[in-house]
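Student: Have a look at this one before I ask anything.
The values are calculated or read from the model by the stated rules, or taken from the named source; none is laboratory data. Bear in mind the structure is a predicted one, so any value in this text is a computation, not a measurement. Cβ atoms come from the backbone with ideal geometry, glycine included; neighbour counts cover every protein chain shown.
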Amino acid sequence: MVKLHAIRYGITPIALVALALAFGCASEPAPSAEPSERRAPRRSGRPAPPIDAELDLQAMLSPVPEYEGQGRNLFIYGPEPRSTGSATAPPPPPTRTTQTRPPAPTTAPRQGPRPSVRMDVKYAGFVEKTTPTGGKAKYAIFLDGNEILTGAEGETVANRFTVIEIGLESVTVSAKGSSATQRIPLQSN
């Protein structure tokens, strides 16, 4: 019993000293909550260079030197200026040839407006899945209100439309029972 008390009383002061060193003897004081006591940013040992607030009006009013490079001056807006020297002869004027107009194509009369396919689903993206045979299958993800629909190329989704083609930025679908297609773009929300 005496040994147990000696160990307990011997460890307690050591633990107290360790706690005091860890928490009580910090090298920097704790930051205060008041903004008026904030520290200034640390500065290097060299002084900042002086700021010249005067304008050199003579240099600003002097004429700008002319561009002497080859080709167009990248810093001037507008068309490329024509060269005054004639290094090459101008192209000869085009010769006039009489052109006969081709006969106007005959168009079949339209049989009313094309049936429009209007899907009220949003294209959210696609998932690419590796099949057991090693091939890859793409599944498009559609949002219809709170419902999430998926379908691969050639599948009918929700008994409403068929997925024709799945792309990175859009999907092409056709309504069930219609040959008209609609491209649905990828939407972020």
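Student: Is it the case, given these coordinates, that Thr84 is more than 30 Å from Gln187 (Cα to Cα) and modelled with pLDDT under 65?
Tutor: Yes: the conditions hold for Thr84.
Student: May I pose another question? Within region 137-159, how many residues turn out to be of a type outside the set (Asp, Glu) and surrounded by 14 or more Cβ atoms within 10 Å (Cβ to Cβ)?
Tutor: Qualifying residue count for the region: 11.
Student: Another question, if that's okay. Any idea how many residues of region 160-189 are surrounded by 14 or more Cβ atoms within 10 Å (Cβ to Cβ) and acidic (Asp, Glu)?
Tutor: Counting residues in region 160-189 that are surrounded by 14 or more Cβ atoms within 10 Å (Cβ to Cβ) and acidic (Asp, Glu) gives 1.
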